[in-house]
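Working notes for the structure below.
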Amino acid sequence: MKKENWVWMPHVAHFISGYKCKFRLATYVGGYIVSTVGELILTPTYPYGEKYEEIGLGRLYETMVFKAIKTPKEVKCCPYDIDVEQEVDFSGYNKPEDAVKGHMRLCKKWSVKK
């Protein structure tokens, strides 16, 4: 799938506490959804700055790739959702720039998978 045909989705695609993450990327690429989350805030510490919690052992960000499923026509937000039983790839990071690079790397990788 060509990059100009990727579908960028405006929400968290995986992770049960994803709504508490400030960093969110979700992209449909040719049958797969690449989902990256991070900067998890469990306890706000304002005005003293934010402390991000690990979303998994030793990582502040993660990307997971899932097989995509078509959503019903009555769903207005996005045309695809993840198949939670078909995780196919994973990568973890501790810096936001690494999370962006990792997300793009996995988007490229899975956009050519059949």
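Please treat every number below as a calculation from the coordinates, not as lab data. Predicted model only: the values in this text are computed from it and were never measured. Here the Cβ positions follow ideal geometry from the backbone for every residue, glycine too, while neighbour counts run over all protein chains shown.
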Would you list THR36, THR63 from fewest to most Cβ contacts within 10 Å?
THR63, THR36
Taking the Cα-to-Cβ direction at MET104 and at MET1 and moving 7 Å from each Cα, how far apart do the two end points lie in nm?
1.9
For helix 96-111, report the angle its Cα long axis makes with the longest principal axis of the Cα atoms of the chain; keep it between 0 and 90° and round to the nearest 10°.
10
If you take the charge dipole of the chain about its Cα centre, with +1 on Lys and Arg Cβ and -1 on Asp and Glu Cβ, which of VAL37, TRP110, THR63 is farthest toward its positive end?
TRP110
Evaluate the charge dipole of region 3-111 about its Cα centre and quote only its size in Debye, nearest 20, assuming +1 on the Cβ of each Lys and Arg and -1 on the Cβ of each Asp and Glu.
300
With -39,500 (n - 2.57) per DSSP H segment of 4 or more residues and division by the full residue count of the chain, the 222 nm estimate, nearest 500 deg cm²/dmol, is -4500 deg cm²/dmol
Count of lysine pairs in region 3-111 with Cα atoms under 13 Å apart, counting only pairs 8 or more residues apart in sequence or on different chains?
5
Correct option for Rg and Dmax of the Cα atoms in Å [calculated from the coordinates] among (1) 15.4, 52; (2) 12.8, 39; (3) 14.4, 48:
(3)
Determine ³J(HN,Hα), in whole Hz, for all residues of region 68-78 in sequence, where each value follows from phi through the Karplus function 6.51 cos²θ - 1.76 cosθ + 1.60 and θ = phi - 60°; x replaces Gly and Pro.
8, 10, 6, 7, x, 4, 6, 7, 8, 6, 10
I want to verify a result. In a Gaussian network model of the chain, Cα cutoff 10 Å, which of these has the top mean-square fluctuation: GLU54, GLU62, GLU97?
GLU97
Taking K and R as +1 and D and E as -1, what net charge do the other residues with C-beta under 15 Å from the C-beta of PRO79 add up to?
+1
